[in-house]
Amino acid sequence: MHMNGQQSGLARHVKRAALGAAFLMAGALGTAPGMATADEGGNCCLKNPTAARASALVGVWEPMENPRNLPQKAPPRFTPAAQKSVDHQIELRDSGKITYDYSAICIPPSSATMTTLGPQELLVDEKKMTWLIEAVSGMRWVWLDGREHPPLDELRFTANGHSVGRWEDDVFVIDSVGFMDKAMVYMNMLGNISIYPSPQMRFIERIRLIEDGQAMVSERTLIDPVNLEEPWVTTVRYERRDWEIGETICMENNQVFFYFEPDELPNQH
């Protein structure tokens, strides 16, 4: 039994060494195993056609809008329950108090907000797009392998949700569900006013490259029957940048609680 344990441990070390050598060799060649290497046309060596086409989106992008100035087809129309929460937040803000949201204790906003905050880097491999967000070192995965969303009762609710990607002609569509209820969505032009996702929230991004691949436009549709009377559509323009994204660390700021009594916090459904 002891010898088998030693052999098993040795096998693990050999496997790790082999993987390490593979990554070192890949680094010398300029790629890591399974990662996209785009040619001049934006296509790559990936066998998955969805992923191969998505390699044209690989790179660092800067959103040219933020939650306060998102171009929108129409202002959001809130349900009565959500409007009550919005009105309460506006009342607190207008009375001179700091409007509370959960980012103060390092719970990140949902991807509907995070994808508009600072530099973003997109990477693609055979199964997924990895979307890195400099703000709070956020990361989301967009699955490209044809999988569907799990049933609602099997979803693991997270800040960025469960995302799947597909192509519709020249438009890359990302469909996301499963957002945790504290991962707020900033509503533009209201001054840091948030809504909190219900289990029914859906976030759809329709991304199209423009200007010879040096920019992209994302039409974003937020659907949440608990918070919104109708889908809310906004647009974000991203421009390609020759940057390296940095690391941002969030440290809990307990001072925010000095300003509020528990019953003053925004209502949730």
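Identify all residues within the stretch 121-145 that are assigned to a loop (DSSP other than H, G, I, E, B) and buried (at least 20 other Cβ atoms within 10 Å of the Cβ); write none if there are none. Of everything in the stretch 121-145, those that are assigned to a loop (DSSP other than H, G, I, E, B) and buried (at least 20 other Cβ atoms within 10 Å of the Cβ) turn out to be Glu134, Leu144.
Reported count of residues in the stretch 176-206, each being surrounded by 20 or more Cβ atoms within 10 Å (Cβ to Cβ), over 17 Å from Ser85 (Cβ atoms) and of a type outside the set (Ser, Thr, Tyr), is 4. Which of the residues belonging to the stretch 129-185 are of a type in the set (Ser, Thr, Tyr) and more than 21 Å from Glu219 (Cβ to Cβ)? Result: Thr130, Ser137, Thr158. Taken over the stretch 109-120, residues that are at pLDDT below 95, crowded, with 19+ Cβ neighbours inside 10 Å and farther than 19 Å from Val177 by Cβ amount to 2.
Going through (1) modelled with pLDDT of 85 or more; (2) surrounded by 14 or more Cβ atoms within 10 Å (Cβ to Cβ) one by one, Asp212 falls short only on (2). Note on the stretch 195-245: residues that are more than 16 Å from Ser163 (Cα to Cα), part of a strand (DSSP E or B), in contact (Cβ under 8 Å) with a residue 40 or more places away in the chain and touching a Lys or Arg at 6+ places or on another chain (Cβ under 9 Å) total 7. Look at the stretch 73-95: where a residue is touching a residue at least 12 places away in the same chain (Cβ under 8 Å) and a partner is exposed (fewer than 12 other Cβ atoms within 10 Å of the Cβ), sitting 6+ places away or on another chain with Cβ atoms under 7 Å, you get Arg77/Glu230. Go through the residues of the stretch 105-120 one by one and say whether even a single one is of a type outside the set (Ser, Thr, Tyr), under 19 Å from Met216 (Cβ atoms) and assigned to a strand (DSSP E or B). Yes, there is a match, as at least one residue in the stretch 105-120 is of a type outside the set (Ser, Thr, Tyr), under 19 Å from Met216 (Cβ atoms) and assigned to a strand (DSSP E or B). When each of Gly165, Gly161 is tested for being under 18 Å from Asn227 (Cα atoms) and either of a type in the set (A, V, I, L, M, F, W, C) or touching a Phe, Trp or Tyr at 6+ places or on another chain (Cβ under 7 Å) (or both), the lone residue that passes is Gly161. Does any residue in the stretch 117-138 that is closer than 18 Å to Ile207 by Cβ come within less than 6 Å, Cβ to Cβ, of a residue that is of a type in the set (Ser, Thr, Tyr) and crowded, with 18+ Cβ neighbours inside 10 Å six or more places away or on a different chain, and which pairs are these? Here the result reads Val124/Ser55, each pair linking the stretch 117-138 to a residue that is of a type in the set (Ser, Thr, Tyr) and crowded, with 18+ Cβ neighbours inside 10 Å. Cβ-Cβ distances below 7 Å connect the following pairs, each with a first residue in the stretch 60-71 that is surrounded by 18 or more Cβ atoms within 10 Å (Cβ to Cβ), a second residue that is at pLDDT below 75, and a separation of six or more residues or different chains: Pro67/Asn188; Leu70/Asn188. The number of residues in the stretch 146-159 that are of a type in the set (Gly, Ala, Ser) and buried (at least 17 other Cβ atoms within 10 Å of the Cβ) comes to 1.
Listed by position, the helices (runs of 4 or more DSSP H) contained in the stretch 1-103 that have at least 2 residues being modelled with pLDDT of 80 or more are 49-54, 80-94.
If you scan the stretch 215-233, which residues turn out to be closer than 23 Å to Val58 by Cα and buried (at least 20 other Cβ atoms within 10 Å of the Cβ)? Selection gives Met216, Ser218, Arg220. A residue that is in contact (Cβ under 8 Å) with a residue 40 or more places away in the chain, closer than 21 Å to Val236 by Cβ, in contact with an Asp or Glu (Cβ under 9 Å, 6 or more places away or on another chain) and of a type in the set (A, V, I, L, M) cannot be found anywhere in the stretch 147-159.
The values are calculated or read from the model by the stated rules, or taken from the named source; none is laboratory data. Here the structure is a predicted model, which is why all the values come from computation and not from measurement. As a convention, Cβ positions derive from the backbone with ideal geometry for all residues, glycine included, and neighbour counts pool all protein chains shown.
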